[in-house]
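The values are calculated or read from the model by the stated rules, or taken from the named source; none is laboratory data. Keep in mind it's a predicted model, so treat the numbers as computed, not measured. Virtual Cβ from ideal backbone geometry, glycine too; neighbours counted across all protein chains shown. Please note that ligands, DNA and RNA were not included when accessible areas were found on the heavy atoms of the full protein model with its side chains. Shrake-Rupley method; radii C 1.70, N 1.55, O 1.52, S 1.80 Å.
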Amino acid sequence: MSTEETSRFVRLRVELVLEVHDEDGVTKAALRRLAADPGLPPEERAHAEGAVTEDTAEALAYLVDPFDLVSEVPGVELQQASWSSERIEYDPDSPDWELDEDDGGDDEEEGGIG
């Protein structure tokens, strides 16, 4: 085995469904994070404040950061991330909400909590 380090790129797909019990609390947390961001230009801050105030899903998207999810994983460096949020109708008993056994991809490994 070579002592030369090799890199492997892995795409990790995560889908979360969150039940929000305190929309006001989520909005306030997002507004606090916006206020604490010194690198955010004023015009972008005003736009973001409007978005998180109008839509709890936007507030959650601002609060959930993919970098935070992997920053403590040893030997991993986040290369690219994208995420979005939306309000949905959720029925946990519907077959549409079952965890996919096979999403049609050729993944080497699958894993998860469920």
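Counting the residues of segment 53-67 that are open to solvent by less than 100 Å² (accessible area, probe 1.4 Å), in a helix (DSSP H, G or I) and closer than 22 Å to residue 82 by Cβ gives 9.
Per-residue answers, yes or no, for (1) at pLDDT below 95; (2) surrounded by fewer than 10 Cβ atoms within 10 Å (Cβ to Cβ); (3) more than 15 Å from residue 60 (Cα to Cα):
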{"residue": "5", "(1), (2), (3)": "yes, yes, yes"}
{"residue": "9", "(1), (2), (3)": "yes, yes, yes"}
{"residue": "16", "(1), (2), (3)": "yes, yes, no"}
{"residue": "21", "(1), (2), (3)": "no, yes, no"}
{"residue": "25", "(1), (2), (3)": "no, no, no"}
{"residue": "29", "(1), (2), (3)": "no, no, no"}
{"residue": "32", "(1), (2), (3)": "no, no, no"}
{"residue": "37", "(1), (2), (3)": "yes, no, yes"}
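No other residue among 105, 50, 75 is open to solvent by less than 80 Å² (accessible area, probe 1.4 Å) and either at pLDDT below 85 or assigned to a loop (DSSP other than H, G, I, E, B) (or both) apart from 105. Any chance segment 4-11 includes a residue that's part of a loop (DSSP other than H, G, I, E, B), touching a residue at least 12 places away in the same chain (Cβ under 8 Å) and within 26 Å of residue 77 (Cβ to Cβ)? Checked against the condition, which is being part of a loop (DSSP other than H, G, I, E, B), touching a residue at least 12 places away in the same chain (Cβ under 8 Å) and within 26 Å of residue 77 (Cβ to Cβ), segment 4-11 yields at least one hit. Within segment 78-91, if we keep just the residues that are modelled with pLDDT of 85 or more and among the acidic types (Asp, Glu), the residue that is surrounded by the fewest Cβ atoms within 10 Å (Cβ to Cβ) turns out to be 89. Residue pairs whose Cβ atoms lie under 9 Å apart, separated by 6 or more positions or on different chains, with the first residue in segment 73-84 and within 14 Å of residue 13 (Cα to Cα) and the second among the hydroxyl-bearing types (Ser, Thr, Tyr), are 78/71.
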